[in-house]
């Protein structure tokens, strides 16, 4: 890693630019080598028998994966980080690592839908009982904990509807009952929220999003504190989980500019959100940095910033069919926003949010919910595009 007597004194963009590898370890090249590897040779039979060698096989680690893991550990303040081939894999590996048949897990009801799908199917088939809880429960989660509750899985802000959880209160209660607290922190990244600093045990990121930043990589990151790192690492090894060397390299490269990209995403998104508040055709704007947002005070207390993802609720209609037509009219009128999943890339995206999987946190019902990923385009152009969508939705007969 780059040498410094006190790296903690550096600003975040300086740390992003220099974390993860020392160029002088690689003949002065600024970026680390991309190591494509399965087999690693040992110098003699005694070494292969003892396995007393840093690198043993490609799935375990390479200089490329170590560079990314070291950089993320520095950002997270974690004891170790595993690299998974997708954001969803970054969710499933720690759940498999810390849950077994007969255990009970509490999962926030506003969770990313593929996480819920995994919990309801595979974890259920493995004999794990799942309870979904209100994202606004805070310390009240104590009433939901059972003697066999092993994991509390949080996601803040909530997927699509942006509910802010009281993470310190949940951690305090869960740890008193020896439950492991996990958090999907993809929205904020460790730049705007550091879960382990708030007592969370396992921090999860879809590096597909802001760390990669260009909509061309699939990768997940899971970081653990000292107490839980060994168990997480063992699970990763037993499952044979790893990321491809080229994707790992691209995410490490993406980290170098993540700070300045996030600043642009954040600034544009908040400006657009502010201009949409009170606008005809918009029933609500779901952005945690807006004072009008119900979870704003919690967000202001715990987060250092907001990223480029938020949602709006369009004015509704007398039926779901009409609301669906309004959503389609809005989306189909857009010229700059792409219609597609994921976010965190350079381009703006929009999707009609589906909330019917929820059991506790119903979400907005006044009209269709549209999730907006604000990219790096000029915000004036993006706002004009949204206006086109709103005008098209307005023409849908109610």
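Laboratory data are not the source of any read-out in this text; all were calculated from the coordinates shown. As the structure is a computational prediction, the values presented were derived from the model and not from experiment. Using ideal geometry, Cβ is built from the backbone for each residue, glycine included, and neighbour counts are taken over all protein chains shown.
Spin-label model, residue 378 to residue 121: label points 7 Å out along the Cα-to-beta-carbon direction sit 4.5 nm apart. On the basis of the beta-carbon distance and an R0 of 45 Å, residue 47 and residue 197 show a calculated FRET efficiency of 0.70. Between the Cα long axis of helix 167-176 and the first principal axis of the chain there is an angle of about 50°, rounded to the nearest 10.
May I ask you to derive the relative contact order of the stretch 324-376, considering only C-alpha pairs under 8 Å and at least 6 residues apart, and to give it as an integer percent? Averaging sequence separation for qualifying contacts and normalising by length gives 38 percent for the stretch 324-376.
Between 0 and 90 degrees, rounded to the nearest ten: what's the tilt of helix 245-276 against the longest Cα principal axis of the chain? Roughly 20 degrees, rounded to the nearest 10.
Using alpha-carbon pairs under 8 Å, 6+ residues apart, how would you state the relative contact order of the stretch 10-254 in percent? Don't skip to the answer; put the middle values down first.
Working: 456 pairs, mean separation 58.3, N = 245.
Dividing the mean separation by the residue count of the stretch 10-254 yields 24 percent.
The ranking of 258, 122 by Cβ neighbour count inside 10 Å, starting from the fewest, reads 122, 258.
Footprinting exposure proxy ranking of 205, 175, fewest other C-beta atoms within 10 angstrom first, gives 175, 205.
Name the shape class, rounded, prolate or oblate, that the alpha-carbon gyration tensor gives for the stretch 179-235, where a ≥ b ≥ c are the square roots of its eigenvalues, rounded holds for a/c under 1.5, and otherwise prolate holds if a/b is larger than b/c and oblate otherwise. Please report the intermediate quantities before stating the final value.
Values: a/c = 2.99, a/b = 1.55, b/c = 1.93.
It comes out oblate by the Cα gyration axes.
On the beta carbon distance between residue 144 and residue 297, with R0 = 30 Å, the FRET formula returns roughly 0.80. If the chain linking residue 304 and residue 24 were pulled fully straight, counting 0.36 nm for each residue of separation and taking away their Cα-Cα distance, it would gain 97.4 nm.
What is the stretch 316-398 by shape, rounded, prolate or oblate, if you read a ≥ b ≥ c off the alpha carbon gyration tensor as root eigenvalues and call it rounded for a/c under 1.5, prolate for a/b larger than b/c, and oblate otherwise? Here the stretch 316-398 falls in the oblate category. Using all pairs of distinct alpha-carbon atoms, the Kirkwood hydrodynamic radius of the stretch 156-268 works out to 15.4 angstrom. Between 0 and 90 degrees, the angle of helix 63-76 with respect to the longest Cα principal axis of the chain falls at about 60 degrees.
With contributions of -39500 (n - 2.57) from each DSSP H run of at least four residues, the per-residue ellipticity at 222 nm computed over the chain stands at -11000 deg cm²/dmol. Of the two radii for the stretch 226-289, the radius of gyration is 1.25 times the Kirkwood radius, both from the alpha carbons; that is the Rg over Rh value. Projected label points at residue 342 and residue 31, each 7 Å from Cα along the beta carbon direction, are separated by 1.8 nanometres. In this structure, residue 335 and residue 365 have a Cβ-Cβ separation that, at R0 = 30 Å, corresponds to a calculated FRET efficiency of about 0.55.
Order these by the 10 Å Cβ neighbour count, fewest first: 29, 118, 198, 293.
Result, fewest neighbours first: 29, 198, 118, 293.
A P(r) calculated from all alpha carbon pairs of the stretch 10-254, with 5 Å bins opening at zero, reads 1, 6, 14, 18, 19, 15, 11, 8, 5, 3, 1, 0 percent.
Shape class for the stretch 258-394, computed from the alpha carbon gyration tensor (a ≥ b ≥ c): oblate, with a/c not under 1.5 and a/b at or below b/c.
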